[in-house]
1. Looking at region 201-233, which of its residues are under 26 Å from Val64 (Cα atoms) and modelled with pLDDT of 95 or more?
2. Which of the residues belonging to region 52-65 are closer than 20 Å to Val155 by Cβ and modelled with pLDDT under 95?
3. Take the residues in region 125-164 that are part of a loop (DSSP other than H, G, I, E, B) and among the β-branched types (Val, Ile, Thr); name whichever of them is nearest to Phe93 (Cα to Cα).
4. Do you know which of the residues in region 165-199 that are β-branched (Val, Ile, Thr) and assigned to a loop (DSSP other than H, G, I, E, B) is modelled with the lowest pLDDT?
5. What are the pairs with Cβ atoms under 6 angstrom where one residue, in region 61-86, is more than 14 Å from Met120 (Cβ to Cβ) and the other, located anywhere, is surrounded by fewer than 24 Cβ atoms within 10 Å (Cβ to Cβ) and basic (Lys, Arg)? Sequence gap at least six, or different chains.
6. So which of Gly118, Gly150, Gly138, Gly202 ends up being among the small types (Gly, Ala, Ser), farther than 21 Å from Ser229 by Cβ and either under 14 Å from the mean Cα position of the chain (by Cα) or surrounded by fewer than 20 Cβ atoms within 10 Å (Cβ to Cβ) (or both)?
7. Report yes if Thr177 is within 16 Å of Arg119 (Cβ to Cβ), surrounded by fewer than 17 Cβ atoms within 10 Å (Cβ to Cβ) and not small (Gly, Ala, Ser), otherwise no.
Amino acid sequence: MRTYRSIGLGYLAIILLLGSESSSATGEPTNETPSSRQIYFGVSIDPTYSPVVELGLKFANGTVGACSGTVIGKRTILTAGHCVNKMKEIDVFFRGGRRVILARHWWRHPQFRQLPNGRMDNDVGIVQLVGNVPAGIGSLSIASANFRRGELFYVYGYGQTESGGRDQLRGGSMRATAVNSLEIIAAYEAGESSTCYGDSGGPAIRAVNKGTPKQRLEVVAIISSGEPSCMTASFFSPVVSAGTRQFITQHNQ
């Protein structure tokens, strides 16, 4: 991930430690808040209690890859549909890789579709773990409303940075420049962030009641794809439609 934005970066770093059902640095619940493609121009986030995780992928042909994902249940990870397509094995890394839990099952949205331009519709996937997520790591809820055009939102992932590094959780902010029921586009703007390789499957988040005791975090969309340079535009798959919410609920055990 990339980020140049200086205002609010401290808040950005805090926001992903917590959430509506996530935990503080002490492990106690709190209501405070703060492909594959990493966040360009982003800030480093402490992964210890973050609900954003890294997925280690092994394809059926023996090749390997990586994606990002979000804890949405005791054994459930939300990620991109293309991150679970034709996989032989998926390992989920918590606490910055200090804890690994194997995936038991994974599902791709039944209406997932690869488009001729390389982008994807309904790029949503679910990973079910063999055991519960580690203690102290909470889950994020699914939003019921899409982003509005021009809305600022937060993105998180383990992908490539502007310096070429990766496998470190970073966060940034982007602005929705085009929105419809199947896709959100965020054009890269100076002073904002961008997604890159390894961020696929990571969350695009809205902070509700920001700055108040009732603040909570909602996942509105999933990082799906982007331009090869990582500095032109990023594309996201919304998770707010009735069909997609039903798919997620069905597999959120």
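The values are calculated or read from the model by the stated rules, or taken from the named source; none is laboratory data. The structure presented is a predicted model; accordingly, all values stated were derived computationally and were not measured. Backbone-built Cβ (ideal geometry, glycine too); neighbour counts: all protein chains shown.
1. Taking region 201-233 as the starting set, the residues that turn out to be under 26 Å from Val64 (Cα atoms) are 201-204, 221-231, 233.
Within region 201-233, Gly201, Gly202, Pro203, Ala204, Ala221, Ile222, Ile223, Ser224 meet the criteria.
2. Answer for region 52-65, where residues must be closer than 20 Å to Val155 by Cβ and modelled with pLDDT under 95: just Gly65.
3. Here the residue is Val133.
4. Thr195
5. If the second residue must be surrounded by fewer than 24 Cβ atoms within 10 Å (Cβ to Cβ) and basic (Lys, Arg), the pairs left are Val64/Lys58.
6. Details: Gly118 fails: farther than 21 Å from Ser229 by Cβ; Gly138 fails: either under 14 Å from the mean Cα position of the chain (by Cα) or surrounded by fewer than 20 Cβ atoms within 10 Å (Cβ to Cβ) (or both); Gly202 fails: farther than 21 Å from Ser229 by Cβ.
Gly150 is the lone residue from the list that is among the small types (Gly, Ala, Ser), farther than 21 Å from Ser229 by Cβ and either under 14 Å from the mean Cα position of the chain (by Cα) or surrounded by fewer than 20 Cβ atoms within 10 Å (Cβ to Cβ) (or both).
7. Judged against the criteria, Thr177 is a match.
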